Ligand code: G
Ligand code: G
Ligand code: MN
Ligand code: NA
């Protein structure tokens with residue numbers, strides 16, 4: 001409860017900051033960044049989202065916080081439009097199921113895009129398989145409305161959740177993100193290589209882009225490229241940091 005009380009003030013006190021981690025296409029093209037929230041706590045220092053996102057979700061503080069994250073991302077996308085070197089960079093924003101449960105989420109994103117002038121196709125929303133656990137029809141419908149505005153979708157942490165293959169086909173997805181737990185030992189663990197190969201094949205078959213996260217070594221990058229995954233995110237290319 002203490003942390004929750006403190007989180008309630010964190011937005012107004014400017015303690016929430018956004019870090020950006022590069023996403024790269026082989027050989028070395030910067031595609032954009034994933035936006036990763038951090039809480040700069042006055043006493044505790046940097047608090048990980050793994051700690052405070054669950055608290056934000058339980059308390060529904062994720063609604064104003066999540067809205068702020070999308071606003072910040074869209075303001076950055078809009079500011080990048082004036083420079084040819086940045087005008088095609090995309091930003092991937094993690095979205096919580098709580099945000100999708102709010103009826104006004106689609107309108108809210110539409111208003112933010114309009115207000116900021118950010119190109120919708122450069123905003124990528126990262127959703128997880130757990131999003132589909134309740135009311136997949138309603139979620140699909142919301143995603144379709146966002147997609148018709150031009151917003152894109154990536155399925156985050158793929159392979160760790162409970163997704164049914166049938167939803168993969170119904171959802172308006174653009175990208176699958178291979179979870180870092182599979183990438184970790186992809187070159188040495190036969191089970192992980194088999195899983196990653198099959199995810200890449202699945203993405204190809206469904207005409208989805210695929211990106212690997214948690215790429216830390218050149219060996220992992222080269223293995224992925226040789227097996228048909230050309231998009232990477234991970235410490236090898238850059239840590240999350242302020243830009
Ligand atoms: O950056 P880091 O690896 O510590 O992130 C830990 C977790 O927090 C990841 O699962 C990530 O998706 C989540 N996360 C980071 N930023 C946000 C955010 O802005 N909104 C939501 N809902 N989750 C986030
Ligand atoms: O769940 P999600 O994929 O949104 O969270 C991404 C998390 O992975 C962030 O917490 C980020 O800091 C972390 N991360 C990003 N790249 C790497 C990496 O190369 N290695 C490890 N161990 N973690 C990473
Ligand atoms: Mn993510
Ligand atoms: Na992930």
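The values are calculated or read from the model by the stated rules, or taken from the named source; none is laboratory data. These figures come from a predicted structure and were not determined experimentally. As a convention, Cβ positions derive from the backbone with ideal geometry for all residues, glycine included, and neighbour counts pool all protein chains shown.
Scanning region 2-14 for any residue that is more than 14 Å from the chain's Cα centre (by Cα), free of Cβ contacts under 8 Å to residues at least 24 places away in the same chain and within 16 Å of ligand 4 (Cβ to nearest atom) turns up nothing. Name the residue that is nearest to residue 210 (Cα to Cα), counting only residues in region 1-32 that are more than 13 Å from ligand 1 (Cβ to nearest atom) and part of a loop (DSSP other than H, G, I, E, B). So, considering only residues that are more than 13 Å from ligand 1 (Cβ to nearest atom) and part of a loop (DSSP other than H, G, I, E, B), the one nearest to residue 210 (Cα to Cα) is 26.
Identify all residues within region 33-68 that are within 16 Å of ligand 4 (Cβ to nearest atom) and either part of a helix (DSSP H, G or I) or surrounded by fewer than 17 Cβ atoms within 10 Å (Cβ to Cβ) (or both); write none if there are none. Passing the criteria: 48, 49, 50, 53, 54. Just to verify a result, which residue in region 69-78, among those that are in contact with a helix residue (DSSP H, G or I) (Cβ under 8 Å, 6 or more places away or on another chain) and either buried (at least 19 other Cβ atoms within 10 Å of the Cβ) or free of Cβ contacts under 8 Å to residues at least 24 places away in the same chain (or both), is nearest to residue 31 (Cα to Cα)? Residue satisfying both the conditions and the ranking: 77. Does residue 178 fit the bill of being at negative phi, touching a helix residue (DSSP H, G or I) at 6+ places or on another chain (Cβ under 6 Å) and buried (at least 21 other Cβ atoms within 10 Å of the Cβ)? It is true that residue 178 is at negative phi, touching a helix residue (DSSP H, G or I) at 6+ places or on another chain (Cβ under 6 Å) and buried (at least 21 other Cβ atoms within 10 Å of the Cβ). Candidates in region 145-163 are the residues that are away from ligand 2 (no atom under 12 Å from the Cβ) and over 16 Å from residue 208 (Cβ atoms); of these, the one that is modelled with the lowest pLDDT is 162.
Filtered by the rule that a residue be free of Cβ contacts under 8 Å to residues at least 24 places away in the same chain and either under 26 Å from residue 55 (Cβ atoms) or part of a loop (DSSP other than H, G, I, E, B) (or both), region 79-130 gives 82, 83, 84, 85, 86, 87, 101, 103, 104.
Here is a list: 137, 141, 185. Which entry is outside any loop (DSSP other than H, G, I, E, B), over 29 Å from residue 72 (Cα atoms), over 16 Å from the mean Cα position of the chain (by Cα) and more than 16 Å from ligand 1 (Cβ to nearest atom)?
The unique qualifying residue is 137.
Scan region 153-174 for residues that are crowded, with 16+ Cβ neighbours inside 10 Å, outside any loop (DSSP other than H, G, I, E, B) and touching a helix residue (DSSP H, G or I) at 6+ places or on another chain (Cβ under 8 Å) and the total you get is 6. Would you say residue 96 is away from ligand 4 (no atom under 16 Å from the Cβ) and modelled with pLDDT of 95 or more? Taking the combined requirement at face value, the residue does not satisfy it.
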